Amino acid sequence: MSLEIRAGELLALVGENGAGKSSLMNVLYGLYHPDEGDILLDGQPVRFKSPRDAIARGIGMVHQHFMLVPTLTVAENVVLGREPTRWGRLDLERACAEVTATCQRFGFQLDPRARVDTLTVGSQQKVEIVKALHRGAKVLILDEPTAVLTPQEAEDLFRVARGLKEQGHTVVFISHKLREVLSVAERIAVMRRGALVAEVKAAETHVAELANLMVGESRPGQGTVEPYQPPTGEVLLEALALKALGEDGRAVLDGVTLTVHAGEIVGIAGVDGNGQRELAEVITGLRPLAEGQGTLLNRPLSALSPDEARRRGVSHVPEDRLRRAVVKDMSVEENMALGRQGHPPFARGPWLDFAGRRERTQKLLGAYDVRPPDPLLPVQALSGGNQQKVVVARELDSQPKLLVVVQPTRGLDISAVAQVHARLREERARGVGVLLISLDLEEVLTMSDRVYVLFEGKVTGTFTRPEFDEREIGRRMTCAEPAHG
Amino acid sequence: MGERWRAAVPSILSVALALVVCWIAIALTRDTEVASNAYLQMLYGGIGQWPRYLDGGDLAVIVRPLGEAASKAALLILTGLSVAVAFKAGLFNIGAQGQMVVGALAAAVVGAQLSAHALLHLPLALLAAAVAGALWALIAAALKLWRGVHEVISTIMLNWVAVTLVDNWLVVGPLRPTVTGGHSVSGTAEIFPTAHLPRLLGDISRMNLGFPMALAVAAFVWAWLIRTRRGFETRAAGLGPEAARAAGIPVKQRMAEAMGLAGALAGLAGAVLVLGTEFRYPGVLGAPYGFDGIAISLIGNNNPLGVTITALFFGALRAGGTRMQLLGVHKSFPELIQGLALLFVAGRLVWLALLRRRRTQPASAEVPRA
């Protein structure tokens, strides 16, 4: 695996999950050590023992999950680790001044005294970038930078990237969102199974070609537009003015009204933290309803318990996989039984049915192509994508009537994403109602028949497939008032 | 099976290392010959003097030590299981000692104050001990599940409450036997013979029905944890409470059940002590078997089978420890071995965690293994 990164360019590194993109960048950033081969920096071989060395040589990295202390201010986060001190104590004034200077130099608008947890995700990402630049980074590695951003925020990020390039910095994007990559990068390196398979100029290629390079085989285009049919199935979920409170007593859902019919996929679009997670929790019985009412599968929605929700026929693919979807220290087959541990083939009366469980698990592992297909392995030994396959297999296998899926494809590679999407469409064809909650707007738009936009716990827009307008939806995701004119 | 062995290896190595360290400790304070002899005596005291028996000795020279070891092991099995069951539900039960004290007192009261036929009296006394231990443990469970009080804190404090309440008040106050014949006895009134746990080997050994009962209880706990749906739900609640909740498992209920069972097991240990060997609640409940349960459970990997094997091993060491005194070596060395083994097991957990973290780091970034 060889890759050349030139000074002052916008390079994108694309590849499926597990293709080795993140590993390569972690090697460059000093988190991993190469078993063989060298890193040449300005023609000199270097050896990074830790990220500290990499930072010293001008390499900065912005991780997919931000490494910020939420309760500290922007300035404190940026100078963390190399704080200006006076008499051995943090000199906050100087820190603010330094950070303001850095922001101005690169054209960022950030208030150095704002607490990080009060900022939007887009701004937090900028704090991460400023942090890297403040430490003198000349090469900036961005790992899946747009995964959590709205289209507007993403474009803002691209503008920043181009600005950095103008000033002679190098920006490396790691992504598997091909359209974005094409719009921002100049050169695109494609990785597959740990090797570089192609380097192309963005101006000379298109999405289909890149997708083929990534996957290594020709596949039907995934963006096939389906005709829209208005929902005709029975109403599975009817929610009226739902209100739910967060841990701090603030309303996280504030008058949400929505319906889901049998045989349709209803998408919920929104920026992270605008009530999507709580909506899923209310419908699956994990969070009590504060106000409002509704019917879920012909019975009232209030006073719903997770057990009751499951009995009515609600399946749930939660967002937080390791915490809520699987017991990570338990084996794959034990996790397959989770939620259905009292029913055949997983139990016979009060006793567990080991043979039945093994048989069903093996069938599902095969059907969903989980690797390795070992029912005895602890779930945490599987990769994230395979863990998700286990969860999806389990939830669909219980023959649900309503399926609540939150971020079902986060961290999955293209073929796994396509598989999950195909399964969701199959369920819809079977007459299942699907509530799809995702932060990936592209996913919501390609999958859904109807879309509700959530902003600050309120529905700020409803769209059916023929009226999908990415820009308008994006606007509703960031502001409650619909744009006029 | 291979998997199970691999899980046991660190515990076995820890115990072996503890044995070596203790031998060195004796050798340093005395000399190597005494150390080796002391270990030999401990072996004889734990599993019997086989050479003497084979040379034509009395059968008692192996039966008596084995019986003694089994009596001690019975108590360790029960308190070890108590801690292990709570562990499986994600709770750390430090309170086995307190639960055992309460259970022992309940057994002593029912055994002495009630008169009934043996077929009824003994089960009643055992049941009373189990219920008392369970209720004592459920105080901690209630505080944890409704008020968020950490069970380590509450069970430790409840230990002291139990000891103070029972040893310092009830036994010397209200439950003090009416003095007859002028000499006072310490502890509560002696229990009726109908409540005795029958001795199984006659007069040769003090081993009683408590030992097979402990083994049966261990088998029951194993079946409950591994084979039943409820056990599965309890383990899931312990390993991933949030995932268990999302799966529709009543997590709080399962935790409370497990804590109640843990208390009942510790209470039974108290009953076995009172009904099997002491025949009254003694003035001060001697050995801290409840605290030993923590060590037994951890060395036994919190697994019913592991706990049983560990308890048998340390029961034998304890029984053999008394024989060490013949050589002037203090009989508390088996406890030192147990303590060191626990220390090494705990060290192993730290060590494994470090090792695992290093190994899973590349995996989490999804490196394909070519």
For peptides A:100-111, B:44-55, sequence by mean Cβ density within 10 Å, most packed first: B:44-55, A:100-111
In peptide A:62-72, what is the residue-averaged number of other protein chain Cβ atoms found within 10 Å of each Cβ? 0
Note to self: C-alpha centroids of the stretch A:230-275 and the stretch B:25-74 sit apart, in Å, by 72
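Within 10 Å of each Cβ in peptide A:186-198, how many partner chain Cβ atoms are there on average? Round it to a whole number, please. Spell out each step's value before the answer.
Details: counts 0, 0, 0, 0, 0, 0, 1, 2, 4, 1, 0, 0, 0.
Across A:186-198, the average partner-chain Cβ count within 10 Å equals 1.
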Would you work out which of A:LEU301, A:ALA418, A:MET477 lies farthest towards the positive end of the dipole of chain A, given +1 charges on the beta-carbon of Lys and Arg and -1 on that of Asp and Glu, about the Cα centre? A:LEU301
To the nearest 20 Debye, how big is the dipole of the stretch A:235-478 about its Cα centre, given +1 on the beta carbon of each Lys and Arg and -1 on that of each Asp and Glu? 640
Compute the length gained on full extension between A:THR446 and A:VAL197: take 0.36 nm times their separation in residues and subtract their Cα-Cα distance, giving the result in nm to one decimal. 86.8 nm
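Taking the Cβ-Cβ separation of A:GLU472 and B:ARG6 as r and a Förster radius of 41 Å, what is the calculated FRET efficiency to the nearest 0.05? All intermediate terms of the calculation are to be shown ahead of the outcome.
Details: r = 59 Å, r/R0 = 1.43.
The value I calculate is 0.10.
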With the label point 7 Å along the Cα-to-beta-carbon line of A:ARG311 and a cut-off under 16 Å to each amide N, the hits in the stretch A:325-353 are A:339-344
Once you put a point 7 Å from the Cα of A:THR85 and another 7 Å from the Cα of B:GLN325, both along the Cβ direction, what distance in nm separates them? 6.0
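Ranked highest first by the average count of other Cβ atoms within 10 Å around their residues, in what order do A:240-247, A:317-324 fall? Could you put the intermediate results ahead of the total?
Details: A:240-247: 16.0, A:317-324: 19.6.
Highest mean packing first, the order is A:317-324, A:240-247.
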To the nearest 10 degrees, the tilt of helix A:414-429 (Cα long axis) against the first principal axis of the alpha carbons of chain A is 30
Given the candidates A:CYS103, A:VAL160, A:TRP87, the one whose Cα lies deepest towards the positive end of the charge dipole of the stretch A:85-172, counting +1 at each Lys or Arg C-beta and -1 at each Asp or Glu C-beta, is A:TRP87
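Ranked highest first by average number of other Cβ atoms within 10 Å, how do A:46-54, B:269-277 line up? Walk me through the numbers before you get to the answer.
On the way: A:46-54: 14.8, B:269-277: 29.2.
The most tightly packed comes first, giving B:269-277, A:46-54.
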Which of the lysines could be linked to A:LYS458 by a straight reach, that is with a Cα gap under 20 Å, when you skip same-chain ones fewer than 8 residues away? A:LYS243
Evaluate the charge dipole of the protein assembly as shown about its Cα centre and quote only its size in Debye, nearest 20, assuming +1 on the Cβ of each Lys and Arg and -1 on the Cβ of each Asp and Glu. 1640
Mind checking the dipole of chain A: about its Cα centre, +1 per Lys or Arg Cβ, -1 per Asp or Glu Cβ, Debye to the nearest 20? 700
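Any chance you could count the Lys pairs in the stretch B:2-364 whose alpha carbons are under 26 Å apart, treating pairs 8 or more apart or on different chains as valid? Don't skip to the answer; put the middle values down first.
Working: B:LYS72/B:LYS88; B:LYS72/B:LYS331; B:LYS88/B:LYS144; B:LYS88/B:LYS252; B:LYS144/B:LYS252.
Summing the qualifying lysine pairs gives 5.
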Cβ-based charge dipole, chain A, positive-most Cα from A:ILE265, A:PRO345, A:PRO151: A:PRO345
Dividing the helical contributions, -39500 (n - 2.57) per DSSP H run of n ≥ 4, by the residues of chain B yields a 222 nm value, nearest 500 deg cm²/dmol, of -23500 deg cm²/dmol
Sort out for me the Cα centre separation of the stretch A:125-192 from the stretch A:373-441, rounded to whole Å. 29
Could you tell me the center-to-center distance, by alpha carbons, between the stretch A:73-92 and the stretch A:289-358 in angstrom? 48
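Mind checking the mean number of beta-carbon atoms from other chains within 10 Å of the Cβ atoms in B:247-258? Let's see the in-between values first.
On the way: counts 15, 15, 6, 3, 1, 0, 0, 0, 0, 0, 0, 0.
The shielding value for this peptide is 3.
No value in this document is a laboratory result; all are computed from the given coordinates. Remember, predicted model here, so these are calculated numbers, not experimental data. When we count neighbours, we look across all protein chains shown, and the Cβ atoms used for this are built from the backbone with ideal geometry, even at glycine.
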